[in-house]
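Chemist: Sharing a structure with you now.
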Amino acid sequence: MNKRAGRPATADAAPCRVTVCRGCCCGDAAKIPGVDHAGQIPRLRAALDGAAPVRASECLDVCDQANVVVVQPSAAGRAAGGRPVWLGLVNDDDALADIAAWIRAGGPGLAEPPGVLDLYAITVSRRVREGLEG
């Protein structure tokens, strides 16, 4: 038992989590044509090969940055100081591959993201961040 959190020790091994926005603008071919929106989540899951769960979310309220992906750190990553990383304009398979490689390497708090992901990093309001983390 993990005495600090009052839960089984296996909870310490919790992996990164990935949230892909699929709200009003993200995943919309009318807003972002030429992207296989329906295939993004299955391709990301395949690239992660079980390293992290991927879930779709309703609108994350960062519509001007569609498509938005949020990478939440693993338990170990959070313990090492990692925080959720918000990525916007994730509209190509190369970005998905870079995200998957980073998560497989450990993700936030444990591994440096590929430098190209700096171009995708976005800052969101506290209200938006807390809505996903809460």
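Chemist: Counting only residues that are touching a strand residue (DSSP E or B) at 6+ places or on another chain (Cβ under 7 Å) and touching a residue at least 60 places away in the same chain (Cβ under 8 Å), how many does the stretch 26-61 have?
Modeler: Within the stretch 26-61, the first condition is being touching a strand residue (DSSP E or B) at 6+ places or on another chain (Cβ under 7 Å), and the residues that meet it are 40-41, 44-45, 48, 52-57, 59-60.
Going one step further and asking which of them are touching a residue at least 60 places away in the same chain (Cβ under 8 Å), we end up with 57, 60.
The number of residues fulfilling the criteria is 2.
Conditions tested, residue by residue: (1) within 20 Å of Pro53 (Cα to Cα); (2) buried (at least 17 other Cβ atoms within 10 Å of the Cβ); (3) within 12 Å of the chain's Cα centre (by Cα); (4) not aliphatic (A, V, I, L, M).
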site: Leu87; (1), (2), (3), (4): yes, yes, yes, no
site: Asp94; (1), (2), (3), (4): yes, no, no, yes
site: Trp102; (1), (2), (3), (4): yes, yes, yes, yes
site: Ala121; (1), (2), (3), (4): no, no, yes, no
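Chemist: Out of the residues in the stretch 9-60 meeting the condition of being hydroxyl-bearing (Ser, Thr, Tyr) and either closer than 29 Å to Arg126 by Cβ or modelled with pLDDT of 95 or more (or both), tell me which one is surrounded by the fewest Cβ atoms within 10 Å (Cβ to Cβ).
Modeler: Step one: of the stretch 9-60, the residues hydroxyl-bearing (Ser, Thr, Tyr) are 10, 19, 57.
Retained after the next criterion (residues that are either closer than 29 Å to Arg126 by Cβ or modelled with pLDDT of 95 or more (or both)): 19, 57.
On the way: Thr19: 19, Ser57: 16.
Within the stretch 9-60, the match that is surrounded by the fewest Cβ atoms within 10 Å (Cβ to Cβ) is Ser57.
Chemist: Could you tell me whether the stretch 61-73 includes any residue that is surrounded by fewer than 17 Cβ atoms within 10 Å (Cβ to Cβ), within 26 Å of Ala13 (Cα to Cα) and over 12 Å from the mean Cα position of the chain (by Cα)?
Modeler: No, that holds for no residue.
The values are calculated or read from the model by the stated rules, or taken from the named source; none is laboratory data. Model, not experiment: these values are computed from the prediction. No Cβ is skipped: glycine too gets one built from the backbone with ideal geometry, and neighbour counts run over all protein chains shown.
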